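> I'd like to ask you about the structure that follows.
The values are calculated or read from the model by the stated rules, or taken from the named source; none is laboratory data. What you see is a predicted model; the values in this text were computed from it and never measured. Cβ: placed from backbone, ideal geometry, glycine included. Neighbour counts: every protein chain shown.
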Amino acid sequence: MSDRISVAKTYKLYIGGAFPRSESGRSYPVNDSRGGFLANASQGSRKDARDAVAAARKAFPGWSGATAYNRGQVLYRVAELLEGRREQFVAEVAASEGTKRGESIVDAAIDRWVWYAGWTDKVASVFGASNPVAGPYFSFSVPEPTGVVAVLAPQASSLLGLVSVVAPVIATGNTCVVVASQDRPLPAITLSEVLATSDVPGGVVNVLTGRTAEIAPWLAAHADVNALDLTGAPEAIKADLERAAAGTVKRLVRSGRGEPDWAREPDVSRLRAVLETKTVWHPMGV
Amino acid sequence: MSAPSTTELSEVTRDDASLRRFLHGLPGVDQVGVEQRAATLGTRSIKKASKLQAIDTAISMVDLTTLEGADTPGKVRTLTAKARRPDPEYAEVPHVGAVCVYPDLVATAVAGVGDSGVGVASVATAFPSGRSNLAVKLADTELAVEAGATEIDMVIDRGAFLSGRYGQVYEEIVAVKAACGDAHLKVILETGELSTYDNVRRASWLALLAGGDFIKTSTGKVSPAATLPVTHVMLQAVRDWRDRTGELRGVKPAGGIRTTKDAIRYLVAVHEVAGPEWLTPKLFRFGASSLLNDLLMQRRTQLEGHYSGPDYVTVD
């Protein structure tokens, strides 16, 4: 039975809780770090990006309106499912990134997810405030999610980097459209399969695979996207993306040249980047 | 499709029996065929300049509708402002075809549209069920006409139609048409309650025989509302009416048309089934409330080269 022909998969996109093919009908081969064939992935187009934004917008009121505690529980549950798929993740990370440290990367990714899940119900007390004001008023500042966030996932770190950019976005109550690493999309696809079977409502995370340089400009200019994470943006178009995003005054999460060291202990900067502050003045009691 | 050519249309409406004979003598609708043709035409791709033109045409055909129990004069005034100038940032956007309200709000709507050329349509005749007697239906119509409505959307008595009392339905439409005076009459067939395409074809002809200026699919209160195949059947009816009499009558699908994509599919159907001369607000209208928002959003997408969002157009 050794000459059995294995079934090569053709993966699809993840939009609004469903797995549609790309509207364009295109797909592209995904290779491992040595150039060997792994699978086919959908090559998303601008219309897929449009559909994904619509799905994310639709999911936003429900997800941002859920209690922080509830969001935390949902995200912890995702961590459980990640744990259940660990062998698949280890294999995919090892094949995609050509590393022998697959195990420790997956461990770190799951830990990272749990770390951000713990933040859901702490965001309000850490970033919110009761402001001392000169007058008979209570003044409160409360953090609120920015809205729909377009995330260009890191190109090199296909799982740990991905989790590090997606988890803070949804932990704070935003919904997102993620453009997965162009050459290493498999961990992102598996993550979307995990999310589809978890309690995360459809549309909260939408995963597009394909050419980042093709999809990103449409997301950057889209008027219904509120923030753009440039982490995985190709250097050549970064400036153009920033200009396009400025046209509709998006929040930007900028990144320097090259990728940060994802293994380093995270801080709250990525949480803060996708939060707005609402300040309420209320007359003091009679 | 054509009705028996020996029958003169004036003879058809002489009595109940000949009306029945005529309507049941209409050829049956090929259900699979019409659904397939509607689906095929729906795949036609309209791009760039043509799309922009289609969007502008669709905007000029919208009957901006609010038919809620919770309607207030304030809401109607907002609606009329939007009807006159759908997108304030783009002055070249045409105004919509009409606003459509309940009879008691017609006066407010008339004041709101002013001399902009936007029509004021009013539903009447015990909308949406049509369950009342003729005197009440006529009074309802007169109320709207006196308040200044330029178009009346009446509902037919589906109970009478379905039990085969075609004469009664015919007489009612004729009476309401008389009560309309100069106002245009749109006859709502409520196709969602007629169950078959054959019935839709019969009801369409009945309304055309009785003098309806428009035939309209539905009230929007019953599901399914407007569908493409049903609109196809109705477009065939007005086309055949033109072939027999030389008169041009209109069609208005209403209810459930929410996106630009849908609207363009309807425009393609109008062009292919009835003919290009129907591509005018005088002969084709969309009964819709949220469609206009999407049309404006897509219009901006075309002009600005990137996707627009609901933050940038008025959403009601």
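> Within the range A:200-208, is even one residue closer than 18 Å to A:Leu162 by Cβ, in contact with a Lys or Arg (Cβ under 8 Å, 6 or more places away or on another chain) and modelled with pLDDT of 95 or more? Let's see the steps before the verdict.
Kept after step one, since they are closer than 18 Å to A:Leu162 by Cβ, are these residues of the range A:200-208: A:200, A:204-208.
Still in the running and in contact with a Lys or Arg (Cβ under 8 Å, 6 or more places away or on another chain): none.
Within the range A:200-208 (the criterion being closer than 18 Å to A:Leu162 by Cβ, in contact with a Lys or Arg (Cβ under 8 Å, 6 or more places away or on another chain) and modelled with pLDDT of 95 or more), the answer is no, since none of the residues qualifies.
> Tally time: how many residues in the range A:208-235 are assigned to a loop (DSSP other than H, G, I, E, B) and either away from chain B (no Cβ under 14 Å) or buried (at least 24 other Cβ atoms within 10 Å of the Cβ) (or both)? Let's see the steps before the verdict.
Of the range A:208-235, the ones assigned to a loop (DSSP other than H, G, I, E, B) are A:209-211, A:222-226, A:230-234.
Keeping just the survivors that are either away from chain B (no Cβ under 14 Å) or buried (at least 24 other Cβ atoms within 10 Å of the Cβ) (or both) gives A:209-211, A:222, A:225-226, A:230-234.
Total meeting the criteria: 11.
> Return yes when B:Ala160 is in contact with a Leu (Cβ under 8 Å, 6 or more places away or on another chain) and in a helix (DSSP H, G or I) and no when it is not. Talk me through it step by step, then tell me what you get.
On the way: in contact with a Leu (Cβ under 8 Å, 6 or more places away or on another chain): no; in a helix (DSSP H, G or I): yes.
Against the criterion (in contact with a Leu (Cβ under 8 Å, 6 or more places away or on another chain) and in a helix (DSSP H, G or I)), B:Ala160 does not qualify.
> Looking at B:Leu185, B:Leu138, B:Leu105, can you tell me which residue is more than 28 Å from B:Thr227 (Cβ to Cβ) and in contact with an Asp or Glu (Cβ under 7 Å, 6 or more places away or on another chain)? Talk me through it step by step, then tell me what you get.
Details: B:Leu185 fails: more than 28 Å from B:Thr227 (Cβ to Cβ); B:Leu138 fails: in contact with an Asp or Glu (Cβ under 7 Å, 6 or more places away or on another chain).
Matching residue, one of B:Leu185, B:Leu138, B:Leu105: B:Leu105.
> Among the residues of the range B:249-267, count how many are in contact with an Asp or Glu (Cβ under 7 Å, 6 or more places away or on another chain) and of a type outside the set (D, E, K, R).
Of the residues in that region, 3 qualify.
> Determine whether the range A:92-106 contains at least one residue that is within 14 Å of chain B (Cβ to nearest Cβ) and assigned to a helix (DSSP H, G or I).
Let us first name the residues in the range A:92-106 that are within 14 Å of chain B (Cβ to nearest Cβ), namely none.
No, the range A:92-106 has no match at all.
> Among the strands (runs of 3 or more DSSP E) confined wholly to the range B:58-142, which include 1 or more residues that are small (Gly, Ala, Ser) and within 18 Å of the chain's Cα centre (by Cα)?
On the way: elements: B:62-65, B:98-101, B:119-124.
Result: B:98-101, B:119-124.
> If A:Arg243 satisfies every condition in (1) under 20 Å from A:Ala55 (Cβ atoms); (2) surrounded by fewer than 20 Cβ atoms within 10 Å (Cβ to Cβ); (3) within 14 Å of chain B (Cβ to nearest Cβ) but one, which is the exception?
(1)
> Moving on to the next point. Sort out which residues of the range B:1-33 are assigned to a loop (DSSP other than H, G, I, E, B), surrounded by 15 or more Cβ atoms within 10 Å (Cβ to Cβ), of a type in the set (Val, Ile, Thr) and modelled with pLDDT under 95, and write them in order of number. It would help to see each step written out before you state the result.
In the first step, residues of the range B:1-33 are kept if they are assigned to a loop (DSSP other than H, G, I, E, B); the result is B:1-8, B:13-15, B:26-30.
When the remaining residues are screened for being surrounded by 15 or more Cβ atoms within 10 Å (Cβ to Cβ), the result is B:3, B:13, B:26, B:29.
When the remaining residues are screened for being of a type in the set (Val, Ile, Thr), the result is B:13, B:29.
B:Thr13, the sole residue that qualifies.
> Also, quick follow-up: Go through the range B:232-254 and give me each residue that's in contact (Cβ under 8 Å) with a residue 60 or more places away in the chain and either touching a helix residue (DSSP H, G or I) at 6+ places or on another chain (Cβ under 8 Å) or under 20 Å from B:Leu26 (Cβ atoms) (or both). First the steps, then the outcome.
The initial filter retains those residues of the range B:232-254 that are in contact (Cβ under 8 Å) with a residue 60 or more places away in the chain, namely B:232-233, B:236, B:240, B:243-245, B:250, B:252, B:254.
Of everything in the range B:232-254, those that are in contact (Cβ under 8 Å) with a residue 60 or more places away in the chain and either touching a helix residue (DSSP H, G or I) at 6+ places or on another chain (Cβ under 8 Å) or under 20 Å from B:Leu26 (Cβ atoms) (or both) turn out to be B:His232, B:Val233, B:Gln236, B:Asp240, B:Asp243, B:Arg244, B:Thr245, B:Gly250.
> Scan (1) in a helix (DSSP H, G or I); (2) more than 18 Å from the chain's Cα centre (by Cα) for the single condition B:Gly148 breaks and write down its number.
(1)
> A follow-up question, please. Within the bounds of the range B:34-45, is there any residue that is in contact with a strand residue (DSSP E or B) (Cβ under 9 Å, 6 or more places away or on another chain), in a helix (DSSP H, G or I) and either without any contact (Cβ under 8 Å) to a residue 24 or more places away in the chain or surrounded by 15 or more Cβ atoms within 10 Å (Cβ to Cβ) (or both)?
First, the residues of the range B:34-45 that are in contact with a strand residue (DSSP E or B) (Cβ under 9 Å, 6 or more places away or on another chain): none.
No: the range B:34-45 contains no residue that is in contact with a strand residue (DSSP E or B) (Cβ under 9 Å, 6 or more places away or on another chain), in a helix (DSSP H, G or I) and either without any contact (Cβ under 8 Å) to a residue 24 or more places away in the chain or surrounded by 15 or more Cβ atoms within 10 Å (Cβ to Cβ) (or both).
> Give the residues of the range A:19-57 that are crowded, with 16+ Cβ neighbours inside 10 Å and part of a helix (DSSP H, G or I), sorted by residue number.
Listed by number, the residues that qualify are A:Arg46, A:Asp48, A:Ala49, A:Arg50, A:Asp51, A:Ala52, A:Val53, A:Ala54, A:Ala55, A:Ala56, A:Arg57.
> Next up: For a quick check of your reading of the model, give me the residue pairs whose first member lies in the range B:115-126 and is closer than 14 Å to B:Ala179 by Cβ, whose second is among the small types (Gly, Ala, Ser) and surrounded by fewer than 23 Cβ atoms within 10 Å (Cβ to Cβ), with beta-carbon atoms closer than 8 Å and at least 6 apart or on different chains.
From the range B:115-126, the pairs are B:Ser122/B:Ala147; B:Thr125/B:Ser132; B:Ala126/B:Ser132.
> Out of B:Ala263, B:Ala226, I need the residue that is in contact with a strand residue (DSSP E or B) (Cβ under 7 Å, 6 or more places away or on another chain), within 25 Å of A:Ala52 (Cβ to Cβ) and touching a residue at least 40 places away in the same chain (Cβ under 8 Å). Which one? Don't jump to the end; show me each part of the working.
On the way: B:Ala226 fails: within 25 Å of A:Ala52 (Cβ to Cβ).
Of the residues listed, the single one that is in contact with a strand residue (DSSP E or B) (Cβ under 7 Å, 6 or more places away or on another chain), within 25 Å of A:Ala52 (Cβ to Cβ) and touching a residue at least 40 places away in the same chain (Cβ under 8 Å) is B:Ala263.
> Here are some residues: A:Val249, A:Val280, A:Val177. Which one is in a loop (DSSP other than H, G, I, E, B), among the aliphatic types (A, V, I, L, M) and out of contact with any Cys (no Cβ under 8 Å at 6 or more places or on another chain)? Working first, answer last.
On the way: A:Val280 fails: in a loop (DSSP other than H, G, I, E, B); A:Val177 fails: in a loop (DSSP other than H, G, I, E, B).
Exactly one of A:Val249, A:Val280, A:Val177 is in a loop (DSSP other than H, G, I, E, B), among the aliphatic types (A, V, I, L, M) and out of contact with any Cys (no Cβ under 8 Å at 6 or more places or on another chain), namely A:Val249.
> Under the condition of being among the charged types (D, E, K, R) and closer than 14 Å to B:Gly97 by Cβ, which residue from the range B:267-316 is farthest from the other protein chains (Cβ to nearest Cβ)? So that I can check it myself, show each step before the final result.
The first filter runs over the range B:267-316 and keeps only residues among the charged types (D, E, K, R), leaving B:272, B:277, B:282, B:285, B:294, B:299-300, B:304, B:311, B:316.
Remaining after also requiring closer than 14 Å to B:Gly97 by Cβ: B:282, B:285.
On the way: B:Lys282: 34, B:Arg285: 27 Å.
Filtering the range B:267-316 for residues that are among the charged types (D, E, K, R) and closer than 14 Å to B:Gly97 by Cβ, the one farthest from the other protein chains (Cβ to nearest Cβ) comes out as B:Lys282.
> Against the conditions (1) assigned to a helix (DSSP H, G or I); (2) at pLDDT below 95, where does A:Ala167 fall short? Just the number, please.
It is condition (2) that A:Ala167 fails.
> Another one. Which ones in the range B:166-184 are closer than 21 Å to B:Val12 by Cα and free of Cβ contacts under 8 Å to residues at least 60 places away in the same chain? Don't jump to the end; show me each part of the working.
Let us first name the residues in the range B:166-184 that are closer than 21 Å to B:Val12 by Cα, namely B:166-178.
The answer is B:Gln168, B:Val169, B:Glu171, B:Glu172, B:Ile173, B:Val174, B:Ala175, B:Val176, B:Lys177, B:Ala178.
> Continuing with the same structure: Determine whether the range B:178-201 contains at least one residue that is charged (D, E, K, R) and either touching a strand residue (DSSP E or B) at 6+ places or on another chain (Cβ under 6 Å) or closer than 19 Å to B:Ala135 by Cα (or both). Talk me through it step by step, then tell me what you get.
So in the range B:178-201, the residues charged (D, E, K, R) come out as B:182, B:186, B:190, B:193, B:198, B:201.
Next, only the ones that are either touching a strand residue (DSSP E or B) at 6+ places or on another chain (Cβ under 6 Å) or closer than 19 Å to B:Ala135 by Cα (or both) stay: B:186.
Yes: the range B:178-201 contains one or more residues that are charged (D, E, K, R) and either touching a strand residue (DSSP E or B) at 6+ places or on another chain (Cβ under 6 Å) or closer than 19 Å to B:Ala135 by Cα (or both).
> Just need a number here: residues in the range A:246-259 that are at negative phi, more than 14 Å from chain B (Cβ to nearest Cβ) and exposed (fewer than 14 other Cβ atoms within 10 Å of the Cβ).
3
> Identify, please: which residue in the range B:120-129 is buried (at least 22 other Cβ atoms within 10 Å of the Cβ) and of a type outside the set (A, V, I, L, M) and is, among those, nearest to B:Ala149 (Cα to Cα)?
As a first pass, look at the range B:120-129 and keep what is buried (at least 22 other Cβ atoms within 10 Å of the Cβ): B:120-125.
Then keep just the ones that are of a type outside the set (A, V, I, L, M); that gives B:122, B:125.
Values: B:Ser122: 6, B:Thr125: 14 Å.
Selected residue: B:Ser122.
> Among the residues in the range A:60-75, are any touching a strand residue (DSSP E or B) at 6+ places or on another chain (Cβ under 8 Å) and at positive phi?
Just the residues of the range A:60-75 that are touching a strand residue (DSSP E or B) at 6+ places or on another chain (Cβ under 8 Å), to begin with: A:60, A:63-64.
Now narrow it down to the ones that are at positive phi: none.
Within the range A:60-75, not a single residue is touching a strand residue (DSSP E or B) at 6+ places or on another chain (Cβ under 8 Å) and at positive phi.
> Now, a different point. Just to be sure before I move on: is B:Arg258 within 14 Å of chain A (Cβ to nearest Cβ), within 17 Å of B:Ala54 (Cβ to Cβ) and under 19 Å from the mean Cα position of the chain (by Cα) in the structure I sent? Write out each step before concluding.
Numbers: within 14 Å of chain A (Cβ to nearest Cβ): yes; within 17 Å of B:Ala54 (Cβ to Cβ): yes; under 19 Å from the mean Cα position of the chain (by Cα): yes.
In short, yes.
> Would you confirm, using the coordinates I've provided, whether A:Leu191 is out of contact with any strand residue (DSSP E or B) (no Cβ under 6 Å at 6 or more places or on another chain) and either in contact (Cβ under 8 Å) with a residue 40 or more places away in the chain or away from chain B (no Cβ under 14 Å) (or both)?
Details: out of contact with any strand residue (DSSP E or B) (no Cβ under 6 Å at 6 or more places or on another chain): yes; either in contact (Cβ under 8 Å) with a residue 40 or more places away in the chain or away from chain B (no Cβ under 14 Å) (or both): yes.
Yes.
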